[in-house]
Amino acid sequence: MRAALDAAREAAQAGEVPVGAVLVRDGVLIASGRNAPLAQDDPTAHAEIAALRAAAARLGNYRLEGCTLYVTLEPCAMCAGAMLHARLARVVYGAPDPRTGAAGSVLNLFAQPRLNHQTRLTGGVLAAQCAALLQAFFSERRSARRALAQPLRADALRTPAERFASPEGHYDYFDGLRLHYRDIGPREAPLTWLCLHASPASGEVWRRMAPVFAAAGQRVVAPDLIGFGRSDKPKKEAAHTLGWHRQVLAQLVERLALRRVVLLAQPGAPLAPLPAPLVRVLEAAAPDDAPFPDAGHRAGPRAFARFAVDEPPALLTLPDASAASAEAAMEYFAHHAPP
């Protein structure tokens, strides 16, 4: 299933719905496939069909007896029918598909005793990872549609995308201004790290810590505050107030339905008004010229220089935003679970 997930990630990188499939016989992977209906203008170009075709060509026989097919999403009726015609011994899928799944969600073609072949079925293998990949893909597509639907406000600037080396995350809108954020890890994670940068940094300051948390099954949400990073940048300093930035953060927390939150913040960050534990990171906010092409973009940093941020005592203080600091933070909360 992990090999099928790799194929699904390749589909996502190509702009296709991230579904991947592999075929195995006698413990040996003999074929793989990924979704490609858009690239091929072919409604039958599902990951399972691609894997079945590749396996049949390799073995020189359309009957794939003794083979097991692994796929990241519950097969549809078309793919289930093809699997039965191929005489597969077993089908293993990851995430269920409540809309078109033909392995138990909408109907179960594999449980029809009148058919001339029965294929064993196993579902739910690495289901959380398979579902997370699909959720992230569709979330990014929705964010892109919202970005196109809401043009840049006349009183704001937006740093060109080519100025950034890292890929885009998600977007949401507050008072007509676009806020960029990264959201990685499972939505039902036991712990969520809300990572807040100070001026003049952006959410990129957490790039070394976030993968460590996500790899441990925890959720990470790291916004670029409005005026910084990929977020819109109002040209007037008066647009930035500490209370307004805190209100935006509170709305983001509500919209994303964050639970069991720990605030991870640099000194001077406008902390969200949450009854959440605070972990302070002492590493200075490193200036980054990329988000601020000219003076008009720098209204946010100029306004933040005047803010007097009240910071409650931190439960834990870390020296920097390194992977080692992320490990130390997780070790601390393993013994001091937040409410």
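The values are calculated or read from the model by the stated rules, or taken from the named source; none is laboratory data. Predicted model only: the values in this text are computed from it and were never measured. When we count neighbours, we look across all protein chains shown, and the Cβ atoms used for this are built from the backbone with ideal geometry, even at glycine. Ligands, DNA and RNA are stripped out before the accessible areas are found, and what is left, the full protein with its side chains, is counted by its heavy atoms. Shrake-Rupley method; radii C 1.70, N 1.55, O 1.52, S 1.80 Å.
Taking the listed residues A154, A131, A165, A136, the one that is open to solvent by 80 Å² or more (accessible area, probe 1.4 Å), under 22 Å from the mean Cα position of the chain (by Cα) and small (G, A, S) is A165, with no other qualifying. Has region 91-99 got any residue that is touching a helix residue (DSSP H, G or I) at 6+ places or on another chain (Cβ under 8 Å), open to solvent by 20 Å² or more (accessible area, probe 1.4 Å) and assigned to a loop (DSSP other than H, G, I, E, B)? Yes, the conditions are met somewhere in region 91-99. The residue pairs whose first member lies in region 60-73 and is without any contact (Cβ under 8 Å) to a residue 40 or more places away in the chain, whose second member is not in a loop (DSSP other than H, G, I, E, B), and whose beta carbons are closer than 6 Å, counting only pairs six or more residues apart or on different chains, are Y62/A56. Report, by residue number, each residue of region 185-214 that is among the β-branched types (V, I, T) and either open to solvent by 10 Å² or more (accessible area, probe 1.4 Å) or assigned to a helix (DSSP H, G or I) (or both). Result: V205, V212. L73 fulfils the conditions (1) open to solvent by 40 Å² or more (accessible area, probe 1.4 Å); (2) at pLDDT 95 or above; (3) closer than 16 Å to E16 by Cβ except for a single criterion, (1).
Please tell me if A222 is surrounded by fewer than 17 Cβ atoms within 10 Å (Cβ to Cβ) and either under 19 Å from the mean Cα position of the chain (by Cα) or of a type in the set (A, V, I, L, M, F, W, C) (or both). Criteria not met by A222. Cβ-Cβ distances below 8 Å connect the following pairs, each with a first residue in region 102-125 that is among the β-branched types (V, I, T), a second residue that is assigned to a loop (DSSP other than H, G, I, E, B) and loosely packed, with under 13 Cβ neighbours inside 10 Å, and a separation of six or more residues or different chains: V106/P98; V106/R99.
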